[in-house]
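The structure appears right after this line, and notes come after that.
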Amino acid sequence: MGPTGLCWGLVGNFWAFILLIGPLIFIHELGHLLAAKLVDVKAPRFSIGFGPPLLRFRMGETEYCLAPIPLGGYVTLLGQAPGERIAPGDADRALSAKPLWARIFVLAAGPAANLVLPLLIYFIYFLTLAPTSLPPAVIGTVVDGSAAEQAELRQGDRIVAIDGEDVRSWNDMGKRIELAPGQELRVQIERDGERIDRVVTPSVELERGPLGVTQVGRLGVVRRFYAPQVGVIDEASAAYVEGLRTGDVITSINGEPVRTIEELQRMLESTGDGLVRLTYLRAEPVAGPLGTYLFYESAHAQLLPRKGPDGRPSTGLRPGNTFVRAVDPGSPAERAGIRPGDQVLEVDGTPFSTWHYLINVLGARQQKPLVLTVQSLGERRPKTVEVTQEIRTWEDNTASKNEHKELWFGAHSYEKWTLAPPEPIRGRFTYAVSSAVEETGSNISMIWTALRQMLTFQRGLEDLSSVVGLYHAAGDAADQGPSRFITLMALLTINLGFVNLLPIPILDGGHLLFFTIEAIRRRPMGQRAREISSAVGLVVILLLLLIATRNDIMRIWF
């Protein structure tokens with residue numbers, strides 16, 4: 001990036017930062033000001049930013065200012081500072097002269113405004129910026145051995161209600177299942193135009209998230225409808241002899257179209273030992289001016305099933321999503337001897353038919369070894385290999401260069417798939433209201449839990465972030481578009497509300513703590529005690545800022 005581009009990037013990040021925190025500071029201080037006006041506390045000044053005012057105007061008794069340091073703001077309240085001189089005519093309008101409930105109301109109004117603001121932000125987002133259609137709760141694939149399979153749910157079933165409450169979308173269904181690990185749920189599905197009730201008990205799984213490891217419910221269904229992509233492992237089979245290879249996609253059998261791998265299996269079983277006429281597509285890499293792309297060429301074949309090892313007629317075609325398409329160089333899978341074209345038959349002795357089953361087992365096993373049964377092309381007998389996943393670290397492409405860790409297996413399956421088309425949202429306004437309430441409540445719960453874990457030393461201070469990290473996050477969010485920017489603003493205003501409620505002197509929570517102590521003692525705290533407490537609070541805030549700044553510098557530049 002040249003000097004001009006770098007300068008433009010810095011200016012862009014600066015204005016993104018101002019646009020991000022400016023409204024949050026304004027709302028916070030406006031909460032204090034409006035509450036003060038309601039209980040008749042005099043407010044001589046309302047300022048956004050610190051330092052000498054750049055712009056100012058007076059409206060009534062309050063002077064409104066815009067200052068050059070955009071790291072906060074303040075409302076000057078009469079009688080808030082200890083030892084402040086108050087004119088006799090304003091004595092009854094001082095904050096210190098008001099009853100306890102009024103003082104608490106004024107000081108708590110700022111954080112409360114920050115905690116309420118996300119409702120408006122999310123409402124605007126879901127009403128105007130969020131997608132106008134949502135993926136339906138239609139099952140694309142049922143994972144082997146899952147709660148869905150045990151409840152006899154099938155591919156193509158639409159989940160329309162859970163415990164009597166309508167299900168709007170796939171995400172809606174997923175959230176409700178996650179919140180009910182091990183709980184019996186009454187699920188209503190729509191199948192072939194009929195409504196059917198099923199009782200499902202989501203499995204209990206451990207998931208590592210922002211708040212640590214938590215229990216979540218899993219139904220064992222996937223949105224994806226996997227294409228009828230096949231694998232061929234036996235060189236003596238009818239399929240191999242007739243020219244079919246692993247990765248081919250079957251489009252029709254005996255003139256009937258085939259849409260999914262499940263349909264393909266049912267149709268092959270129904271043909272018995274009769275002649276199978278099929279049409280298939282094969283991907284051929286073609287070099288072009290913009291790189292290599294895949295060209296699918298159609299072909300035909302006639303297969304006469306032969307007796308397999310179990311004595312039943314077989315064409316030699318197997319579901320393709322249990323076959324290995326690629327293996328990462330140097331990965332645990334490669335070191336274990338797994339190669340492209342292999343079929344993974346069993347995990348720890350348990351056979352499976354969908355790659356998602358293997359993914360679930362890998363996720364549950366973490367870094368403990370597991371045994372896979374694998375068969376290679378041309379080999380008459382499968383082999384067993386032992387694989388132990390590793391932790392791999394990588395950085396994202398944002399300016400903050402956030403570091404991520406993930407389990408690394410290294411083998412990837414054939415996974416050509418389609419999704420059920422999204423459907424328009426019914427009742428956009430009510431959807432925006434309910435989604436705003438749900439999203440705000442979820443984020444408040446998450447941030448409160450994280451804060452509680454930090455205060456009880458269940459998590460370290462390495463998660464703290466300062467204005468440096470916020471500056472870069474604002475730029476990243478602005479680059480990603482208005483949707484990302486506005487949702488970051490909602491998350492940040494909740495953080496701001498909670499931080500200001502911390503019982504640290506010089507913060508709103510510190511003042512509320514003083515009021516509580518005064519109510520218990522039934523007399524005001526001495527001025528000296530307040531000064532010492534404020535000094536201690538300032539030192540604590542400065543130390544936390546130093547730690548947070550150090551965290552951001554290490555994350556961004558090292």
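Computed from the coordinates by the stated procedures, all read-outs in this text should not be read as laboratory data. Nothing here was measured: the structure is a model prediction, and the numbers come from that model. A quick note on method: Cβ atoms are made from the backbone with ideal geometry, for glycine too, and the neighbour counts reach across all protein chains shown.
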Cross-link candidates for residue 368: which lysines have Cα within less than 24 Å, leaving aside residues fewer than 8 places away along the same chain? 383, 405
Using only Cα atoms, find the angle between the long axis of helix 428-455 and the longest principal axis of the chain, and express it within 0 to 90 degrees, rounded to the nearest 10. 70
Exactly which trypsin sites (Lys or Arg not before Pro) in the range 307-394 are in a DSSP loop and have at most 14 other Cβ atoms within 10 Å? 380
nm² value of the averaged projected area, convex hull over the Cα atoms of the range 323-418: 7.4
Net charge (Lys, Arg +1; Asp, Glu -1) of residues whose beta-carbon lies under 12 Å from that of residue 62, residue 62 excluded, is +2
Calc'd 3J(HN,Hα), the range 19-27, phi into Karplus 6.51 cos²θ - 1.76 cosθ + 1.60 (θ = phi - 60°), Hz, glycine/Pro = x, comes to 5, 6, 8, x, x, 5, 5, 4, 5
With point charges of +1 on the Cβ of Lys and Arg and -1 on the Cβ of Asp and Glu, referenced to the Cα centre of the chain, which listed residue (102, 32, 319) lies farthest in the positive direction of the dipole? 102
Using the Cα centre of the chain as origin and beta-carbon charges of +1 (Lys, Arg) and -1 (Asp, Glu), tell me which of 271, 147, 355 is placed farthest towards the positive end of the dipole. 147
Hey, what D do you get for the range 226-320 in µm²/s if you plug the Kirkwood alpha-carbon radius into Stokes-Einstein at 37 °C and 0.692 mPa s? 239
Using r as the Cβ-Cβ distance of residue 293 and residue 269, and R0 as 30 Å, what FRET efficiency do you calculate, to the nearest 0.05? 0.25
Label 7 Å along Cα→Cβ of residue 124; the range 25-57 residues with amide nitrogen under 14 Å? 25-28
Whichever lysines have a C-alpha closer than 21 Å to that of residue 37, once near sequence neighbours (fewer than 8 apart) are set aside: 98
Scattering curve values for the range 141-223, log₁₀ I(q)/I(0), Debye with Cα scatterers, q = 0.23, 0.26 Å⁻¹: -1.14, -1.42
Just tell me which aspartates and glutamates come within less than 12 Å, Cα to Cα, of residue 307; anything on the same chain fewer than 8 places away is out. 273
Could you compute the net charge surrounding residue 415? Neighbours are other residues with a C-beta less than 9 Å from the C-beta of residue 415; K and R count +1, D and E count -1. +3
So residue 467 and residue 40, fully extended at 0.36 nm per residue minus their Cα-Cα distance, gain in nm 150.2 nm
Taking 0.36 nm per intervening residue step and subtracting the Cα-Cα distance, what contour gain separates residue 92 from residue 405 on full extension? 106.8 nm
Given H placed on each backbone N at 1.01 Å, which residues far from residue 390 in sequence or on other chains put an amide H within less than 5 Å of it? 408
Angle between the Cα long axis of helix 467-480 and the longest principal axis of the chain, 0 to 90 degrees, nearest 10? 50
Relative contact order for the chain: what is it in percent, counting Cα pairs under 8 Å that are at least 6 residues apart? 15
Which one of 340, 410, 377 has its Cα pushed farthest toward the positive end of the charge dipole of the range 323-418, where Lys and Arg give +1 and Asp and Glu give -1 at the Cβ? 377
In deg cm²/dmol, rounded to the nearest 500, the helical mean residue ellipticity at 222 nm of the chain, built from -39500 (n - 2.57) for every DSSP H run of length 4 or more, is -12500 deg cm²/dmol
Rounding to the nearest 20 debye, state how big the charge dipole of the range 141-223 is about its Cα centre with +1 on each Lys and Arg Cβ and -1 on each Asp and Glu Cβ. 220
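Based on alpha-carbon atoms only, what is the radius of gyration of the range 55-106 relative to the globular estimate 2.2 N^0.38 Å?
Working: Rg = 13.4 Å, N = 52, 2.2 N^0.38 = 9.9 Å.
Computed over Cα atoms of the range 55-106, the ratio equals 1.36.
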What is the magnitude of the charge dipole of the range 67-186 about its Cα centre, with +1 placed on the Cβ of each Lys and Arg, -1 on the Cβ of each Asp and Glu, and no other charges, expressed in debye to the nearest 20? 640
Using all alpha carbons of the chain, what is the percent of pairwise distances in each 20 Å bin, ordered from the shortest bin to the longest? 16, 39, 29, 13, 3, 0
Loop only by DSSP, 14 or fewer other Cβ within 10 Å of the Cβ. Give me the GluC sites (Glu not before Pro) in the range 7-106 that pass, ordered by residue number. 61, 84
Say a paramagnetic label sat at a point 7 Å from the Cα of residue 388, along Cα to Cβ; which residues of the range 332-362 have their backbone N under 20 Å from it? 332-338, 347-349, 361-362
Using θ = phi - 60° and the Karplus relation 6.51 cos²θ - 1.76 cosθ + 1.60, list the HN-Hα couplings for the range 529-546 in order, rounded to whole Hz, with x at every Gly or Pro. 5, 5, 5, 5, 4, 5, 5, 4, x, 4, 5, 4, 4, 5, 5, 5, 5, 5
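What area, in nm² and to one decimal, does the C-alpha convex hull of the range 60-181 cast on average over all directions?
Values: hull surface 61.1 nm².
For the Cα atoms of the range 60-181, the hull's average projected area reads 15.3 nm².
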For the range 94-140 and the range 512-540, what is the separation of their C-alpha centers, rounded to whole Å? 30
As I understand it, the value is the acute angle between the Cα axis of helix 508-521 and the longest principal axis of the Cα atoms of the chain; what does it come to in degrees, rounded to 10? 60
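Using Stokes-Einstein with the Kirkwood hydrodynamic radius over Cα pairs, what translational diffusion coefficient do you get for the range 276-390 at 25 °C and a viscosity of 0.890 mPa s, in µm²/s rounded to a whole number?
147
Charges at C-beta only: +1 for Lys and Arg, -1 for Asp and Glu. How large is the resulting dipole of the chain about its Cα centre, in Debye rounded to 20?
1500
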